[in-house]
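The values are calculated or read from the model by the stated rules, or taken from the named source; none is laboratory data. The model shown is predicted, which means the values in this text are computed figures rather than measured ones. Cβ sites come from the backbone with ideal geometry, for glycine too, and all protein chains shown count toward neighbours. For accessibility, only protein heavy atoms count, side chains too; no ligands or nucleic acids. Shrake-Rupley method; radii C 1.70, N 1.55, O 1.52, S 1.80 Å.
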Amino acid sequence: MQRSTLKILLAIILLLSPVLILAQSPSITSTTSYAGLSAFAGKIIPHDDTLKPITNSLVKGVRAYSALQKIEGFNSDLNNSHFVLGISTIYINLGDIDRLGKAYGVQPTFYWKIYNKGRFNVEMNAGLGISYLTKTFSNNFNPENVAISTHLNYWGMVSLNTTYSISNQISIGLGLETHHFSNGAIRKPNYGLNIIASSINVTYYFKALSFKPISFNPNSNKFVPGTLLISIGTGIKETGGAGGPKYYPVSFTIQNNTRSKGFKAFGYGINITYDKSTRFHKRAKNLNYSSPNDDIQTGLFFAGTLTLDKLSFYTHLGAYLYNPNPRLPWHYQKFGIRYNFFKNLFFQCELKTHLNSADHVGIGLGITI
């Protein structure tokens, strides 16, 4: 089968993906509550001068989305829903077809209604998933695409939308959205792609709306994260330029959550990482390297978590306290997803970054106490 045919099939599969089916508790149904399309256009915002020659064209795309009908504890029904989970699929023409190509992606997405008055609503959407990019860096065939060097990447999205219900089942709206594509430094080069775009959207509700105001009782939410989380994980990263040495950092994390109302939780913790890539950076700076002490880093972080039964999204904002890498900032960030497949045992997948520079993608296991 030709590659063009495979790409078409992939686009159809992603854009027509069914509603996200999660092994959640019986309180969450898999019935679609609404579905829609968002068409957007914008620009790639280069965060390095080497990206400017390939980011001058207009970016255009379509995002298809749908949401689950009911999440007990978050919303009593669709009419006054405050926070729901769904799925988004995407197709993007990245502008420079010859060098950047196209992007396809799928992700679980949170839909958070933050304001409504009658038929007028303001909603925030955020998600993290996987993507496939048709063009990648190649020394021989595509040397100017220093943004992405792997076909498979992660895709992050945040959007803010205003909508107006023109009937009891159809709404239209305008929005502003951002998209980010990166492989998490698994392979270099990996400057990533940052997109800012404006959008128009149309949504069809399978259950007629009654335009009730937001009604949310956070005390009814029984899906509150555990107080103490302990996890261990590993990842992969390529250091230096394309084809540089690969390293496999190991990370141990203890996080304490301060319980808060509703589905939100905030906390703090400590992270200890064994990362041999420090030797590469120290030698590049003509600094003495001593193993294993120089391979160990310790950081303190603040954490935020959004929890939906067994599935949760989290972020860490941290600072290195001991032995920071001499060629990296003093701070770091993590963005990840956890899934509790047993009562107190969870799997997680996360991305560690230093602002807009990815450090590595990691996976791990942990327990909740």
- Message: Under a crude label model (7 Å from the Cα following the beta-carbon direction), how far is Thr162 from Thr258 in nanometres?
- Response: 3.5 nm
- Query: In whole Å, what are the Cα extents of segment 302-369 along the three principal axes, biggest one first?
  - Reply: 41, 22, 19
- Query: What nm distance separates the two modelled labels at Ala39 and Asn139, each placed 7 Å from Cα along Cα→Cβ?
  - Reply: 4.4 nm
- Message: Could you tell me the relative contact order of segment 249-306? Use alpha-carbon pairs under 8 Å, at least six residues apart, and round to a whole percent.
- Response: 40 percent
- Subtracting the Cα-Cα distance of Ile170 and Phe347 from 0.36 nm times their residue separation yields 59.9 nm
- Just how much of Leu37 is accessible, in Å², when a 1.4 Å probe is used and the result is rounded to the nearest 10? 90 Å²
- Message: So if each residue of separation counts as 0.36 nm, and I subtract the Cα-Cα distance between Thr178 and Thr150, what length gain in nm does that give?
- Response: 8.0 nm
- Query: Taking the mean number of other Cβ atoms within 10 Å as a proxy for protection, how do you rank 291-298, 229-236 from highest to lowest?
  - Reply: 229-236, 291-298
- Within the under-9-Å Cβ sphere about Thr55, not counting Thr55, Lys/Arg +1 and Asp/Glu -1 give a net charge of +1
- Message: List the pairs from Lys102/Lys237; Lys237/Lys285; Lys237/Lys334; Lys43/Lys237; Lys188/Lys334; Lys52/Lys188 whose alpha-carbon separation is above 23 Å, in the order I gave them.
- Response: Lys102/Lys237; Lys43/Lys237
- Exposure rank, largest accessible area first [Ser167, Ser149, Ser198; 1.4 Å]: Ser198, Ser167, Ser149
- Query: Looking at the square roots a ≥ b ≥ c of the eigenvalues of the Cα gyration tensor of segment 232-343, which shape do they give, rounded for a/c under 1.5, prolate if a/b is larger than b/c, or oblate?
  - Reply: prolate
- Task: Take segment 264-304, compute every pairwise Cα distance, and split them into 5 Å bins from 0; I just need the percent in each bin.
- Result: 6, 20, 22, 15, 12, 10, 8, 5, 2, 0
- Using a 1.4 Å probe, how large is the accessible area of Phe137, given in Å² and rounded to the nearest 10? 40 Å²
- Item | Local net charge near Tyr154, Cβ-Cβ under 15 Å (Lys/Arg +1, Asp/Glu -1) | +2
- Task: Using a cut-off of 14 Å between beta-carbons, work out the net charge of the residues near Asn325 (Lys and Arg +1, Asp and Glu -1, Asn325 not included).
- Result: +4
